[in-house]
Amino acid sequence: MVAARSQDGWTTIKIEGFGGIDLPPNMEVQGGAYREMSDKIKEINGISASKVIFQQKNLNSGSQSSLNTYARVFIRTEFGTAGEFQKLSNFSLNPSELKEMNDEYKTEIYNSAASGNASVLEWYPATLSSLNGYKSVTLGYKRKLGANPPVMVRFYFFHNSNRIHVLTFEYRIADEITWQPTFEKIKKSLTINSQ
């Protein structure tokens, strides 16, 4: 797997077991081994991981100016047993099953917020949707952590019979004019490997 750079500074990141997604020039792959790899080479030759995080540029280097905004893209894969997610992958959820999924995530997120000095300001219920041609379940919320500015969070769940890919977008609402267009372009770059 090879990452491709486009003329406008975007890089296609290939993620083993997932597919590909474009990294914009105003974001970087979050620290650790990924940072070392991207510092040493101009292309990322594939990342084998169950979780990859994009964040605002220069946060890895500790630049103070990078703290003037907040943006994250989380790409995560959860593995199950063969057939475990078959009903979800066929998107044959009836309204009560979709509500049950919504309620489970809502309870988990509200409980997590309460234990972490955060509050959920608004909830966007789970719906069946499509992102770049891939069927998904989408839900979201606005949150506030302590005295920090409010953040918009949107989840996309892509299922097949033995795994769920979760794509999460987060940005400060005050910075929407910067991050919303960037995130829309990232969404349009999404490719998911057939399993």
(message) So, GLN55, is that one out of contact with any Gly (no Cβ under 7 Å at 6 or more places or on another chain) and modelled with pLDDT of 90 or more or not?
(response) yes
(message) Which of the numbered conditions does SER89 fail, given that it passes all the others? Conditions: (1) modelled with pLDDT under 90; (2) over 28 Å from GLN56 (Cα atoms); (3) surrounded by fewer than 18 Cβ atoms within 10 Å (Cβ to Cβ).
(response) (3)
(request) Quickly run through the range 141-156 and pick out the residues that are in contact with a Lys or Arg (Cβ under 9 Å, 6 or more places away or on another chain) and either among the hydrophobic types (A, V, I, L, M, F, W, C) or surrounded by 20 or more Cβ atoms within 10 Å (Cβ to Cβ) (or both). (result) TYR141, VAL151, MET152, VAL153, TYR156
(request) Could you tell me which residue of the range 120-140 is farthest from ILE186 (Cα to Cα), considering only residues that are exposed (fewer than 14 other Cβ atoms within 10 Å of the Cβ) and of a type outside the set (A, V, I, L, M)? (result) GLU122
(request) Take the residues in the range 1-31 that are in a loop (DSSP other than H, G, I, E, B) and at pLDDT 85 or above, then tell me which one is surrounded by the fewest Cβ atoms within 10 Å (Cβ to Cβ). (result) GLY9
(message) So the check is Cβ under 7 Å with 6+ separation or different chains; which pairs have a first residue in the range 88-107 that's farther than 15 Å from TYR124 by Cα and assigned to a helix (DSSP H, G or I) and a second one that's among the hydroxyl-bearing types (Ser, Thr, Tyr) and modelled with pLDDT under 95?
(response) SER89/SER161
(request) Scan the strands (runs of 3 or more DSSP E) fully inside the range 119-181 and keep the ones with 2 or more residues being among the hydrophobic types (A, V, I, L, M, F, W, C), in contact (Cβ under 8 Å) with a residue 24 or more places away in the chain and out of contact with any helix residue (DSSP H, G or I) (no Cβ under 7 Å at 6 or more places or on another chain). (result) 151-159, 163-172
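The values are calculated or read from the model by the stated rules, or taken from the named source; none is laboratory data. Fair warning: this is a prediction, and the values are worked out from it, not measured in the lab. Quick reminder, even Gly has a Cβ in these numbers, built from the backbone with ideal geometry, and neighbours come from all protein chains shown.
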